[in-house]
1. Please sort by residue number the GluC sites (Glu not before Pro) in the stretch 150-203 whose DSSP state is loop and whose Cβ has at most 12 other Cβ atoms within 10 Å.
2. Just to check, using Stokes-Einstein with a Kirkwood Rh over alpha carbon pairs, what's the diffusion coefficient of the stretch 162-287 at 10 °C and 1.306 mPa s in µm²/s?
3. Can you list the residues of the stretch 394-432 with backbone N under 17 Å from a point 7 Å past the Cα of T64, pointing along Cα to Cβ?
4. Over all alpha-carbon pairs in the stretch 265-336, figure out the percentage whose distance exceeds 17 Å.
5. Along the principal axes of its C-alpha atoms, what lengths does the stretch 315-432 span, in descending order and rounded to whole Å?
6. What is the packing order of peptides 49-59, 373-383, 404-414, taking the mean over residues of other C-beta atoms within 10 Å and listing the highest first?
7. For every other residue with a beta carbon closer than 12 angstrom to the beta carbon of L149, add +1 if it is Lys or Arg and -1 if Asp or Glu, then tell me the sum.
8. Residues with beta-carbon under 14 Å from that of V255, excluding V255: net charge, scoring Lys, Arg +1 and Asp, Glu -1?
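Please treat every number below as a calculation from the coordinates, not as lab data. If you're wondering where the values come from, they're calculated on a predicted model, not measured in any experiment. We place every Cβ from the backbone using ideal geometry, glycine too, and count neighbours over all the protein chains shown.
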Amino acid sequence: MAVVLAVADVGVIKNMNNIKSNLSIATCTLLGGTAQQANAIENSWDLDSSLLYYSEDDDRVSVTKAMAFLTGDLSSDDTVNVNLVLDTMSGATPTGAVRSKNSSVSFSSASGAGSSTVDGGSVDRVNFSDTRLGIALSWAHSQDRLTTLTYGGSLSVEKDYQSYGASINYSLDSEDRLTTYTAGFAGSFDEIYRKTDGTPEPLSFVDDNNMFSNGERYSYDFILGVSKVLNRKTIGQLNYTISYSDGYHTDPYKVISEASLVEDTDTGEFAWAELNRYYEARPDNRLRHVIFTSMAHQYGDTGETVHASYRFYTDDWGISSNTIDLTHRTPLSAKSYIEPHFRYYQQSAADFFLHSFVNEDVSTPIILPEFASSDYRLDEGLGITTGIEYGTKLSGGNFRARIEFINWQYEEAEYDETKALVLQVSYQKLFD
């Protein structure tokens, strides 16, 4: 099951939006061959390992993520990067159904963990567990003093999701090496399914259990960017990305309720009564635009550094978002620092987002739209992240630790608030 985390836009994470594999044999082979060909090249290698824990309140989603990033010089013109990630995810996630007190329905839980039937209570959350294993490789080759080509590939595997990707990136430095221009292309193929039975028919009754084959999706990303050293203490960056995806975009586990508000005769309060439950349906394609800009500036006698970024996002589903990210690094000594972090994220709702299909006249069948989803991630929302990182140099490496608190507020979703805690420790080892 794909879980989207709002952890400082880890990239990062979608859809970030992914992972692990063993490349020791291939890496050693490359190193051995290169060492014999390049006599006096100083091979510098960097291993950055990290363990991250993400936990939502109310016994919802928890994720443990182990990461390793290996970077090294194969020659004076070639650098390789190997990124390995292993996720374990578990907990309970909202299905999109209303919290009703009168329903009796069956529903397959996330990641094929089985099904459950509840009499007198709605299955508005389901338990799940999943493991994600992934790898991303890149090879950067300097064609001459000013130009570099970078080739990349990635693989991500879960119980109910597989993704394969490739990329190419071209960068050009100005003659004074103060400006870098970048152009890149990436493509991926995703296969989405439920562990036991493919994908459900969109907007079909859950109880009918009408299933189709596995879903497939192709995605293409184009990026143009420029980064510039403005002075010896300031650097700026500006990127534009356009993305197009075609194929299966629906979440095979999400549902949407047909419901009516009824009055409790004892209390006089109104509550949702679920009449039917449907699988959601999303469009088969999506066009996205992203503008990202950032600036880092060092000031003061102690080398304090402030980093600020802004990201604007919009797509043809009606979603637009604004993200502001701020960090301020303050040295505590020659070897250590603290870095507070603040992130503000605001998004509008998708055109087809609905809390539910409201039926005020239960004797009249409702007319279903072409697309509909009650997934809280498509609702209008506001997210605030605050945290702090501590880093210090140790013998032979660098240690970092951070803690962050995330609070999401949604306008109409059945679960209109998400609170989460993020803990991460990292150790970077340099090899010469």
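1. Values: sites: E158, E175, E191; in loops: E158, E175.
Sparse-neighbourhood loop GluC sites (Glu not before Pro): E175.
2. Numbers: Rh = 18.9 Å.
Taking Rh from Cα pairs, D becomes 84 µm²/s.
3. Only 421-426 fall inside the zone, counting backbone N under 17 Å.
4. Considering the stretch 265-336, 70 percent of its Cα-Cα pairs are separated by more than 17 Å.
5. Cα extents, longest axis first: 74, 27, 23 Å.
6. Values: 49-59: 15.7, 373-383: 21.4, 404-414: 18.5.
So the peptides 49-59, 373-383, 404-414, ranked by packing, come out 373-383, 404-414, 49-59.
7. Details: positive: none; negative: D77, D78, D144.
After counting each charged neighbour, the total is -3.
8. Numbers: positive: R99, R125, R194, K254, R277, R282; negative: D124, E201, D207, D208, D251, E258, E274, E280, D375, E414.
Once all neighbours under 14 Å are counted, the net charge is -4.
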